[in-house]
Amino acid sequence: MDFGLVLQTDPPASTVVGLMRRAERNGFRYGWTFDSAVLWQEPFVIYSRILEHTRQMHVGPMVTNPGTRTWEVTASTFATLNDMYGNRTVCGIGRGDSAMRVAGRKPNTLARLGEAIGVIRDLAEGREAEVDGQRLKLPWVRDGRLPVWMAAYGPKALALAGQKADGFILQLADPFLTEWMVKAVRTAAVEAGRDPASVTICVAAPAYVGDDLGHAREQCRWFGGMVGNHVADLVSRYGEHSGLVPEALTDYIKARQGYDYSHHGRTDNPDTAFVPDEIVDRFCLLGPVEAHIEKLKALRDLGVDQFAVYAMHDAREAVIDAYGERVIPALS
């Protein structure tokens, strides 16, 4: 199992770079960041510094979207980083939540997302693709490589990930839901004539190492609110008891009363009081090292190839070091 570190690009950028360097020293192979241009600093500028100051770490957004940048600009940015640092980027992509809504726009349609996945990958790898009716090619790309991993929860999005993406990003670490969603992605891959094993499975969730479970829950409760934001979209689209989305995912948002993006992904988020302890425990990795190892082994048995640690809490360095000293060696 590979490991990644997920950070927000809060200033100063040097702190983000420093934490990524610390993560690589501890055995993390991937460095991810949020991508929301209004809420945080521009990640692609920071990726260049991370790549310069690491040796093997792969970097990318968790996640970008097809709406905030034109597709040829996104592809050219990735391709430039790859040309400078040797194909060490990965494009995490989704419909767009905070980046679009904070700017007053709706998330992209799945049809647009599916088209963007192919176009961005083709352009970044040096092939011709059509953008807004215009055939384009980046003539300077040589031996480009850009895996595109798609974030998804709902049935249509899971199917799209299996059909078109190189990887699937699931932003929660509940084994029951992971099994359900991985199966859906792999089934879609088979039906599309693809090798299901070719789709990399990445689970991303907060991890907090320590014996004070109450404190750990409060530090990570924001994640249930963030996931609930996506789940609310699914409920509005498919209905509360449609059978298309597991009730284990939808039941907990009944008391949800809105969401303030100014606190998005932060421990002080006031819009997460509706998230019960049970959801925090299921969605996140909390407790002593042994509990992390046990849950990660269960996820690995379900086909998870990478666990990406959301480190938006008061013990970022401690969790990076704990994973490097004990967790990553146990899962290697």
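The values are calculated or read from the model by the stated rules, or taken from the named source; none is laboratory data. Fair warning: this is a prediction, and the values are worked out from it, not measured in the lab. Using ideal geometry, Cβ is built from the backbone for each residue, glycine included, and neighbour counts are taken over all protein chains shown. All accessible areas refer to the heavy atoms of the entire protein, side chains included, with ligands and DNA or RNA removed. Shrake-Rupley method; radii C 1.70, N 1.55, O 1.52, S 1.80 Å.
Based on the Cβ-Cβ distance from D233 to V73, what FRET efficiency comes out when R0 is 30 Å, to the nearest 0.05? Can you show the working numbers first?
Values: r = 26 Å, r/R0 = 0.88.
After rounding, the FRET efficiency stands at 0.70.
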P(r) weight above 15 Å for the stretch 1-86, C-alpha pairs, percent: 55 percent
Label-reachable residues, the stretch 272-299, where backbone N falls under 18 Å from a point 7 Å from E179's Cα toward its Cβ: 282-284, 294-299
Computed E for A197/T267 - FRET, C-beta separation, R0 35 angstrom, nearest 0.05: 0.40
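Å³ per residue of the Cα convex hull, for the chain?
Values: hull volume 41.3 nm³, N = 332.
Per residue, the Cα convex hull of the chain comes to 124 Å³.
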Integer Hz, Karplus 6.51/-1.76/1.60 couplings in order for the stretch 120-133, x for Gly and Pro: 4, 5, 4, 5, 5, 9, x, 9, 6, 8, 9, 10, 6, x
Hits among aspartates and glutamates - C-alpha to C-alpha of K156 under 18 Å, sequence gap 8 or more where chains match: D97, E115, D166, E179, E191, D233, E240, E247
The chain - percent relative contact order, Cα under 8 Å, separation 6 or more: 19 percent
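Among rounded, prolate and oblate, which fits the stretch 204-312 when a ≥ b ≥ c are the square roots of the eigenvalues of its C-alpha gyration tensor, a/c under 1.5 means rounded, and a/b larger than b/c means prolate?
On the way: a/c = 2.06, a/b = 1.28, b/c = 1.61.
Judged from the Cα gyration tensor, the stretch 204-312 comes out oblate (a/c at least 1.5, b/c at or above a/b).
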Descending semi-axes in Å of the stretch 53-182, equivalent ellipsoid built from Cα gyration tensor: 24, 18, 14
Inter-label distance for K137 and A37, nm, one decimal - labels placed 7 Å from Cα along Cα-to-Cβ: 2.9 nm
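When only C-alpha pairs under 8 Å and at least 6 residues apart count, what is the relative contact order of the stretch 144-238, in percent? Provide the component values of the computation, followed by the final result.
Numbers: 117 pairs, mean separation 24.7, N = 95.
Reported relative contact order: 26 percent.
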Sulfur and carbon atoms: percent of accessible area, the chain [1.4 Å]: 47 percent
Residues in the stretch 312-332 that a label on M1 would reach, taking backbone N under 11 Å of a point 7 Å out along Cα→Cβ: 327-332
Heavy-atom accessible area per residue - the stretch 22-164, 1.4 Å, Å²: 43 Å²
Inter-probe distance in nm under a simple model that places probes 7 Å from Cα toward Cβ, at S242 and E52: 4.6 nm
The stretch 179-184 - phi-based ³J(HN,Hα) in whole Hz, Karplus 6.51/-1.76/1.60, Gly and Pro as x: 4, 4, 6, 4, 4, 5
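Shape call for the stretch 142-214 from the C-alpha gyration tensor, a ≥ b ≥ c root eigenvalues: rounded (a/c under 1.5), prolate (a/b greater than b/c) or oblate? Could you put the intermediate results ahead of the total?
On the way: a/c = 2.91, a/b = 1.60, b/c = 1.82.
Taking the square roots of the gyration eigenvalues as a ≥ b ≥ c, the stretch 142-214 is oblate.
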